[in-house]
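**Q** Just dropping this structure here.
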Amino acid sequence: MAGCAQAAPPLTSEQAKAVLAEVIKAFGAPENAQRMEEARDNACNDMGKMLQFLLPVATQIQQDVIKAYGFSNDGEGVLKFARLIKSYESQDPEIASMSSKLKAMFLPPTTLPPHGAGTGGVASS
């Protein structure tokens, strides 16, 4: 069963930051930006369709970057990368800010209530 449960490569926070920056840059690349735009158009702000069209494209873009850093070239690799970034968010404000910037690129903005709306929700720190 070798190679089945591949551990995420240990990255320092500095390395994680570098990979994250590269992933963000990849989303900004014209061909990827266009792929995301098309997926967004197909989804028409429908949350279910957003996951159906946008997520695979976003996952693919991330895979292309992170496989060079030892992550498996599949959805599992992307999940491991996301967990790694999450583990650094609390320690490193720069990683936290880059991470939310990345999420904003492929998560629909409709999930957030308008700023300052009296929703009574718990503010995330």
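The values are calculated or read from the model by the stated rules, or taken from the named source; none is laboratory data. Worth saying up front: this structure is predicted, and the values here are computed from it rather than measured. Because the Cβ atoms are built from the backbone with ideal geometry, glycine has one as well, and the counts that use them run over all protein chains shown. The protein model used for the area step is the full one, side chains on, heavy atoms only, and it has no ligands, DNA or RNA in it. Shrake-Rupley method; radii C 1.70, N 1.55, O 1.52, S 1.80 Å.
**Q** In the range 54-79, how many are open to solvent by less than 40 Å² (accessible area, probe 1.4 Å) and on the phi < 0 side of the Ramachandran plot? So that I can check it myself, show each step before the final result.
**A** Step one: filter the range 54-79 for residues open to solvent by less than 40 Å² (accessible area, probe 1.4 Å), giving 54, 57-59, 61-63, 65-66, 70-72, 75, 77-78.
Applying the additional criterion that residues be on the phi < 0 side of the Ramachandran plot yields 54, 57-59, 61-63, 65-66, 71-72, 75, 77-78.
Qualifying residue count, the range 54-79: 14.
**Q** What are the pairs, 6+ residues apart or on separate chains, where a residue within the range 32-48 that is basic (Lys, Arg) has its Cβ under 6 Å from a residue that is open to solvent by less than 50 Å² (accessible area, probe 1.4 Å)?
**A** Matching pairs, first to second residue: Arg35/Val57.
**Q** Moving on to the next point. Of the residues Gln15, Gln91, only one is polar (S, T, N, Q) and in a loop (DSSP other than H, G, I, E, B); which?
**A** Working: Gln15 fails: in a loop (DSSP other than H, G, I, E, B).
When all the criteria are applied, what remains is Gln91.
**Q** Any idea which of (1) modelled with pLDDT under 95; (2) open to solvent by 30 Å² or more (accessible area, probe 1.4 Å) is the one Pro108 doesn't satisfy?
**A** Evaluating Pro108 over (1) modelled with pLDDT under 95; (2) open to solvent by 30 Å² or more (accessible area, probe 1.4 Å) leaves (2) as the failure.
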